[in-house]
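Working notes, beginning with the structure itself.
The values are calculated or read from the model by the stated rules, or taken from the named source; none is laboratory data. Just so it is clear, the structure is predicted and the values come from calculations on it, not from any experiment. A quick note on method: Cβ atoms are made from the backbone with ideal geometry, for glycine too, and the neighbour counts reach across all protein chains shown. Heads up: the accessible areas ignore ligands, DNA and RNA and are worked out on the full protein's heavy atoms, side chains in. Shrake-Rupley method; radii C 1.70, N 1.55, O 1.52, S 1.80 Å.
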Amino acid sequence: TAAGADPSADAMGTTGRNLALGLMMASGFAALGYQIVWTQQSALWLGHELAAVLAVVAGFFGGLAVGAFALGARIERSASPAGWYAACEIATGAWAVALTQLMAPAADIMRALTGATPSPGWQWTVAFCGTLLLLMPATAAMGATLPAMERVIARTRSRSHAVAWLYAGNTFGALVGVLGTALWLVPRFGLTLSAWVCACL
């Protein structure tokens, strides 16, 4: 033990760190799985998959930024970062399940807003703003999960090493999520069930 270190500070232990790593891998898989599903669903009202990819990616990362910015400071001050982490993951999964029912009505509303012959500027405005608002509850909650997990491990003696592993695990999970969802989940089970699988993760 390093001089002056509190032996109880590393309370998570190896099992706890492995659990945190597993959670971040599952979270990364689910996040990119959602992105694949939402892109396919968004193509229904945007009329083109390229437009759907751009709108969902913009909405996705916009929501992540909003969540990290809006909730990061509150999580930093919280005495219960694990509770924040759990709440954010539950909110993400719950909204992803809700979207399986909300996407079709949202598509009707957006098509009505754009009209039969919209100008390119208006169509893109509706596409980007509508997608951002539709995905915001889930993506903002996602954006707060990593700050929360960082706070959970903040008292460990190897914090910087642990955070690096969390980032690596989350990124690896995202890679597997993209490939697994696009090449296996969606073709085999369809969009709705794929969203449920990601929500369960």
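Say we look at the stretch 123-135 and pick out the residues that are of a type in the set (A, V, I, L, M) and surrounded by fewer than 22 Cβ atoms within 10 Å (Cβ to Cβ); which of these is farthest from the chain's Cα centre (by Cα)? Checking each candidate, the answer is VAL126. Taking the stretch 42-69 as the region of interest, how many residues are surrounded by 21 or more Cβ atoms within 10 Å (Cβ to Cβ) and more than 17 Å from CYS129 (Cβ to Cβ)? Count: 1.
The listed residues are GLY16, GLY72, GLY33, GLY22, and the only one of them that is within 23 Å of THR171 (Cβ to Cβ) and either buried (at least 18 other Cβ atoms within 10 Å of the Cβ) or among the aromatic types (Phe, Trp, Tyr) (or both) turns out to be GLY33. Whenever a residue of the stretch 98-124 is at positive phi, its partners that are modelled with pLDDT of 85 or more and surrounded by 10 or more Cβ atoms within 10 Å (Cβ to Cβ), lying with C-beta atoms within less than 9 angstrom and at least six residues away or across chains, give the pairs GLY115/TRP122. For the stretch 113-121, the criterion of being assigned to a helix (DSSP H, G or I), in contact with a helix residue (DSSP H, G or I) (Cβ under 7 Å, 6 or more places away or on another chain), under 22 Å from MET25 (Cα atoms) and open to solvent by less than 60 Å² (accessible area, probe 1.4 Å) is met by no residue. Listed by first and then second residue, the pairs linking a residue in the stretch 57-83 that is more than 13 Å from LEU146 (Cα to Cα) to a residue that is loosely packed, with under 14 Cβ neighbours inside 10 Å, with Cβ atoms under 9 Å apart and 6 or more places separating them unless they lie on different chains, are GLY59/LEU133.
Residues considered: ALA138, ALA174. Of these, the only one that is within 23 Å of LEU50 (Cα to Cα), modelled with pLDDT of 90 or more and buried (at least 21 other Cβ atoms within 10 Å of the Cβ) is ALA138.
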